[in-house]
Amino acid sequence: MNILVLGSGGREHTFAWKLAQSDKCSNLFVAPGNSGTATIAKNLNLVVTDFNAIKEEVLKNDINLVIVGPEDPLVQGIHDFFLNDKDLKSVSVIGPQKAAAQLEGSKEFAKEFMMRHNIPTAAYQSFTKANVEEGYKFLESLNAPYVLKADGLAAGKGVLILNDLNEAKSELKSMLVNAKFGDASTKVVIEEFLDGIELSCFVLTDGKDYKILPTAKDYKRIGEGDIGLNTGGMGAVSPVPFANKDFLDKIENQIVKPTVEGLKKDNLPYVGFIFIGLIKVGNDPKVIEYNVRMGDPETEAVLPRIKTDLVEIFKAMANKTLSKINIEIDDRAATTVMLVSGGYPEAYEKGKEISGLEHVEDSIVFHAGAKKENGKVLTSGGRVMAVTSYGNTYQEAIKKSYQNIEKLHFDKMYYRKDIGFDL
Ligand code: AMP
Ligand code: GLY
């Protein structure tokens, strides 16, 4: 089978790494990929939302299976594009069609879905420019902190959590009236603040059945102790120690089952990953958000724990026979730590040479914002590499990652030294 992975991050390197281990994978392509994927696959120089260019490469390379890494192409309808094209419709695509991708593409859509299917989440109301005054009144009826969410995709920046009522009102105005997040904030969801510890649950579905993958916890803030600006993610731990059997059963019964059933009832075809961002409030899980893809860097901690052939899993999803396969999980913990460019998530420099990769032992280095040029591996993004390790406990795994990070270097390299601190 010839396989294409769309994307260029650590998540996509991890997919490629796992797919390359399958004897069912003949030729592996990643578009656009990075210096890591280049060592195990052929990188194709494509933009992930340029569907016509993707079509050309899929046909030229006789690709049978496409795994969509990031959300943008899904929200823009890449799966529908394949289904509606006579030359592409026999190609399997892992990722939901446009209608269901709205679970990530529109916060309001996701909220309405959860209300319709009785899925526990924060109370909310949504507002537009036309009823901004009602938005102020709604804010007045809530207690601080105030949670404001741009409805559309805003590259992870569209959620504001504010302690001050006047600031919340002025941000609401700037989102709705002054288009702070462009079209993404034409609508704003205001919701009840939930206090608790976060974790992520990953579900595979073929539209009929589902399989739950190991949980993970992501560390989103740039600073140690979870302070400072939000990032794409600075590290992850899998499994999440506080998610015991009782809590996992609640997640499955109160959230996963009604989500998959809800997709069916609403006639939203879905073959792909459902990434459910959760918060544990007291002893109960509530949904913070849906994503229609895997998380990054959660993938770098979750996929290495899957022992089953990933090509087999994707084939079963595409053929709607997911219920027939057994997904075997490694009992060990896996952790990953992101190395980022100094300054990220604000301005940072690129083109720094990365050294020491050949000295890493007993950890896996997944490349993200890194490229190869004239035989050197250079930084090319904010999040540069993820260092993943296994251990009998997450503490043991994290120690291994930190020992190997000591051997890696690039100018202004930064990473959090406290991944797992709160567990
Ligand atoms: P989202 O993009 O919806 O995942 O939101 C980004 C982050 O904001 C989440 O990871 C949470 O840390 C935080 N957040 C979102 N919604 C809430 C809420 N209702 N209560 C508390 N924190 C929230
Ligand atoms: N790490 C969070 C995300 O991928 O959205």
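No lab work stands behind these numbers, since they all come straight from the coordinates. Every value quoted in this text rests on a predicted model; they were computed, and no experiment measured them. Here the Cβ is made from the backbone with ideal geometry for all residues, glycine too, and neighbour counts use every protein chain on show.
Full-extension gain between Asn45 and Glu353, please, as 0.36 nm times their residue separation minus the C-alpha to C-alpha distance.
Length gained, Asn45 through Glu353: 108.7 nm.
Cβ under 12 Å from Leu194's Cβ, Leu194 left aside: what net charge do those residues give with Lys, Arg +1 and Asp, Glu -1?
Values: positive: Lys280, Lys286; negative: Glu191, Glu192, Asp195, Glu198, Asp284, Glu289.
After counting each charged neighbour, the total is -4.
How do Arg332, Arg305, Arg293 rank when sorted from fewest to most other Cβ atoms within 10 Å of their own Cβ? Please report the intermediate quantities before stating the final value.
On the way: Arg332 17, Arg305 20, Arg293 27.
With the fewest neighbours first, Arg332, Arg305, Arg293 line up as Arg332, Arg305, Arg293.
What do you get when you divide the Cα radius of gyration of region 332-423 by 2.2 N^0.38 Å, with N the number of residues?
Numbers: Rg = 13.1 Å, N = 92, 2.2 N^0.38 = 12.3 Å.
Taking N as the residue count of region 332-423, the ratio is 1.07.
With θ taken as phi - 60° and the coefficients 6.51, -1.76 and 1.60, list the Karplus ³J(HN,Hα) couplings across region 347-360 in order, rounded to whole Hz; mark glycine and proline as x.
In residue order, the calculated couplings are 5, 8, 8, 10, x, 7, 6, 9, 10, x, 4, 6, 8, 5 Hz.
Within 10 Å of each residue's Cβ, count the other Cβ atoms and sort Cys25, Cys201 from fewest upward. Kindly include the intermediate steps, with their values, before the conclusion.
On the way: Cys25 19, Cys201 24.
Starting with the residue having the fewest Cβ neighbours, the order is Cys25, Cys201.
With springs only between Cα atoms under 10 Å apart, run a GNM on the chain and tell me which of Glu358, Glu224, Glu406 wobbles the most.
Fluctuation is largest for Glu358.
Work the Kirkwood hydrodynamic radius out for the chain: mean of 1/r over every pair of different alpha-carbon atoms, inverted, in Å. Walk me through the intermediate numbers first.
Values: mean 1/r = 0.0454 Å⁻¹.
With all distinct Cα pairs of the chain included, I get 22.0 Å.
Relative contact order for the chain: what is it in percent, counting Cα pairs under 8 Å that are at least 6 residues apart?
Details: 983 pairs, mean separation 69.9, N = 423.
Relative contact order of the chain: 17 percent.
In a GNM of the chain with a 10 Å cut-off on Cα contacts, which of Gly228, Gly152, Gly95 has the highest mean-square fluctuation?
Comparing Gly228, Gly152, Gly95 in a Gaussian network model of the chain, the most mobile one is Gly228.
For the pair Asn326 and Lys24, how long in nm is the line joining their label points, each one 7 Å along Cα→Cβ?
My value for the distance between the label points is 1.7 nm.
Calculate, in nm to one decimal, what Phe193 and Ser170 gain on full extension: separation in residues at 0.36 nm each, minus their alpha carbon distance.
Working: separation 23, 0.36 × 23 = 8.28 nm, distance 1.82 nm.
The Phe193-Ser170 span can extend by a further 6.5 nm.
Roughly how far apart, in whole Å, are the Cα centres of region 121-152 and region 76-98?
Each part reduced to its Cα centre gives a spacing of 36 Å.
Give me Val30, Val203 ranked fewest to most by other Cβ atoms within 10 Å of their Cβ, as a rough exposure proxy. Write down the numbers at each step before the final one.
Values: Val30 28, Val203 20.
By the 10 Å Cβ count, ascending: Val203, Val30.
With point charges of +1 on the Cβ of Lys and Arg and -1 on the Cβ of Asp and Glu, referenced to the Cα centre of the chain, which listed residue (Ser90, Ala155, Gln254) lies farthest in the positive direction of the dipole?
Among Ser90, Ala155, Gln254, the one farthest towards the positive end of the dipole of the chain is Ser90.
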